[in-house]
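Reading through the structure tokens given below for one structure.
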Number of protein chains: 2
Amino acid sequence: MTEVKLSREQREQGTHFAPKYDSQGLLTTVVVDSTSREVLVVAFMNAEALRLTRQTGKVHFWSRSRQKLWMKGETSGHVLLMEEMLVDCDQDALVIRATPKGPTCHTGVPSCFYRSVDPEMEDSVALVKVKT
Amino acid sequence: MTEVKLSREQREQGTHFAPKYDSQGLLTTVVVDSTSREVLVVAFMNAEALRLTRQTGKVHFWSRSRQKLWMKGETSGHVLLMEEMLVDCDQDALVIRATPKGPTCHTGVPSCFYRSVDPEMEDSVALVKVKT
């Protein structure tokens, strides 16, 4: 893909959207519920997933484990309808505010972040389910 | 680092915290403001950054660009005090709810996500500053 050369000032303060992909061509993407603001899922986009998300308004990702492009909800129907896309200062991460059409996590709960980590407990018993 | 072997059921539903680091030994970490729930910053932790965060309650990261461990706020004083840590279904990403002691972004604003992307505009003029 073509990398756009911007000064630090332009990258951080300008109007030019120039995503900075990592060495594997990926951008970290955080999807939050546009109403509750809870984090629903964290995943990765390549340039094509970003293009399709902008074009269709439905969130697409690149699956690192399956090495393929996927639209979230393509089999379950639980798509994420994009309301707003935000980019961070150095343009290597995105936040997408979306309306979820059903539970986002494949386990059937609204958010993938349904367990808290007790920092003081041993790893084997550190996780506790929380309401999401 | 030692990878703990868990079944899919144990990994997704159990109490065992067994972070799944990527090929570079990193976990994606999203820090949200514990009060407003806004996303403040997205960065990466290695095992040592995670250990220090759990031990001290102050958020530590691994900087991919500088290839070094850093405590957020170590020079600015704008540390992130951890209130709660959440892990996702497959344990390869964390959400940390924190109280920020000052602006989180190095540009001086509360959140690194201070610009929205207009999906229909050309890249060169797609970014608009938003209130964070």
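The values are calculated or read from the model by the stated rules, or taken from the named source; none is laboratory data. No experiment lies behind these values; they were computed from the predicted model shown. FYI the Cβ positions are ideal-geometry reconstructions off the backbone, even for glycines, and counts take in every protein chain you see.
Annotations for the structure displayed:
- Pick from region B:34-53, criterion of a type outside the set (Gly, Ala, Ser), within 17 Å of B:THR99 (Cα to Cα) and within 10 Å of the chain's Cα centre (by Cα), ranking: surrounded by the fewest Cβ atoms within 10 Å (Cβ to Cβ): B:VAL42
- Entry remark, region B:1-33: residues being basic (Lys, Arg), in a loop (DSSP other than H, G, I, E, B) and either surrounded by 15 or more Cβ atoms within 10 Å (Cβ to Cβ) or at pLDDT 95 or above (or both) number 1 in total.
- If you check A:VAL87, A:VAL125, A:VAL117 for being modelled with pLDDT of 95 or more and closer than 28 Å to A:GLY25 by Cα, only one passes: A:VAL87.
- Condition met for A:SER36 (more than 29 Å from B:VAL4 (Cα to Cα) and either aromatic (Phe, Trp, Tyr) or not in a strand (DSSP E or B) (or both)): yes
- Residue in region A:40-50 that is farther than 12 Å from A:LEU86 by Cα, at the interface with another protein chain (Cβ under 10 Å from one of its Cβ atoms) and out of contact with any strand residue (DSSP E or B) (no Cβ under 6 Å at 6 or more places or on another chain) present: yes
- So B:LEU27, is it more than 9 Å from chain A (Cβ to nearest Cβ), of a type in the set (A, V, I, L, M, F, W, C) and out of contact with any Phe, Trp or Tyr (no Cβ under 8 Å at 6 or more places or on another chain): no
- Residue that is surrounded by the fewest Cβ atoms within 10 Å (Cβ to Cβ), among those in region B:79-132 that are assigned to a loop (DSSP other than H, G, I, E, B) and basic (Lys, Arg): B:LYS131
- Residue in region A:83-94 that is at the interface with chain B (Cβ under 9 Å from one of its Cβ atoms) and more than 30 Å from A:GLN10 (Cβ to Cβ) present: no
- Annotation note: Cβ proximity below 6 Å between a residue of region B:103-122 that is within 9 Å of chain A (Cβ to nearest Cβ) and a residue that is assigned to a loop (DSSP other than H, G, I, E, B) and among the acidic types (Asp, Glu) (sequence gap 6+ or interchain) occurs for B:SER111/B:GLU38; B:CYS112/A:ASP88; B:PHE113/A:ASP88.
- Counting residues in region A:83-94 that are hydrophobic (A, V, I, L, M, F, W, C) and over 29 Å from B:THR107 (Cα atoms) gives zero.
- Of all residues assigned to region A:54-76, none qualifies as being within 7 Å of chain B (Cβ to nearest Cβ), surrounded by fewer than 16 Cβ atoms within 10 Å (Cβ to Cβ), modelled with pLDDT of 95 or more and on the phi < 0 side of the Ramachandran plot.
- Given (1) touching a His at 6+ places or on another chain (Cβ under 9 Å); (2) assigned to a loop (DSSP other than H, G, I, E, B), number of the condition B:LEU50 does not satisfy: (2)
- Filtered by the rule that a residue be under 13 Å from A:LEU40 (Cα atoms) and not basic (Lys, Arg), region A:83-107 gives A:VAL95, A:ILE96, A:ALA98, A:THR99, A:PRO100, A:GLY102, A:PRO103, A:THR104, A:CYS105, A:HIS106, A:THR107.
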